[in-house]
Amino acid sequence: MASLDRLHKPVLVLNASYEPINVCAARRAVVLILKGVASPEEHSPSHLHSARHAMRVPSVIRLLEYRRIPHQTRALSRKNILMRDKYTCQYCHKTLPSGELTLDHVVPRSRAGETTWENLVACCHSCNNRKGSRTPDEAGMKLNRAPRPFSLHTSRHLMRLLGKSDDQWRKYLFY
Ligand SMILES: [Zn+2]
């Protein structure tokens, strides 16, 4: 593997508590280790060589100091709402391509419903038409589950997908 590829390999970042919180490139992980901010927990089989020393490439690192993770670090966007809802209409449970989904304000905007993580869900056009400007109760429609902010749990789901190829990540992600 070329040295440059190794520097771009994804590395799982754990909080001091071993909770997975992020994924970064190997280059960044090495900088964090050299700065004394993180320690390597798992290594990939490859090495990085510089003029002075060789360093094993980490595959999992852990921050030495616990970092508080702010909620809602992800932007409220159509793409993120659809991703959170796994491209599934939250009323009829149909999974559809992005173009066939719309965003529904659970409490309609005309009724002072806000544009927030908790009030927006993925919705197919037919459910959206059926619901109109009514609340789910009024329309006799039931939400799949209460919408939540894009949470650490959701990010963990994404990290799981990313980490499928890396066995060393598994023990930190599948619990
Ligand atoms: Zn639907």
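The values are calculated or read from the model by the stated rules, or taken from the named source; none is laboratory data. Values in this document were obtained by computation on a predicted structure and should not be read as measured data. Cβ coordinates were reconstructed from backbone atoms using ideal geometry, including for glycine residues, and neighbour counts include every protein chain displayed. Remember, those area values only see protein heavy atoms, side chains included, never the ligands or the DNA or RNA. Shrake-Rupley method; radii C 1.70, N 1.55, O 1.52, S 1.80 Å.
For region 141-151, how many residues meet the condition of being within 16 Å of the ligand (Cβ to nearest atom) and over 14 Å from Leu103 (Cα atoms)? Adding up the residues that qualify gives 4. Residue-level check: of (1) over 14 Å from Asp85 (Cβ atoms); (2) among the hydrophobic types (A, V, I, L, M, F, W, C); (3) within 12 Å of the ligand (Cβ to nearest atom), Val107 misses just (3).
Condition check ((1) within 28 Å of Glu19 (Cα to Cα); (2) among the charged types (D, E, K, R); (3) at pLDDT 95 or above) across all residues:
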residue	(1), (2), (3)
Ala75	yes, no, no
Asn80	yes, no, no
Tyr91	no, no, yes
Ala122	no, no, yes
Ser126	no, no, yes
Ala146	yes, no, no
Leu152	yes, no, no
Arg170	yes, yes, no
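Closer than 17 Å to Asn80 by Cβ, open to solvent by 60 Å² or more (accessible area, probe 1.4 Å) and not in a helix (DSSP H, G or I): is that true of Glu114 in this structure? Spelling it out, Glu114 is indeed closer than 17 Å to Asn80 by Cβ, open to solvent by 60 Å² or more (accessible area, probe 1.4 Å) and not in a helix (DSSP H, G or I). In region 78-104, the qualifying residues are those that are away from the ligand (no atom under 15 Å from the Cβ) and of a type in the set (D, E, K, R), and the one that is surrounded by the fewest Cβ atoms within 10 Å (Cβ to Cβ) is Lys79. If we scan region 121-140, do we find a residue that is open to solvent by 90 Å² or more (accessible area, probe 1.4 Å), more than 16 Å from the ligand (Cβ to nearest atom) and of a type in the set (Ser, Thr, Tyr)? Scanning region 121-140 turns up no residue that is open to solvent by 90 Å² or more (accessible area, probe 1.4 Å), more than 16 Å from the ligand (Cβ to nearest atom) and of a type in the set (Ser, Thr, Tyr).
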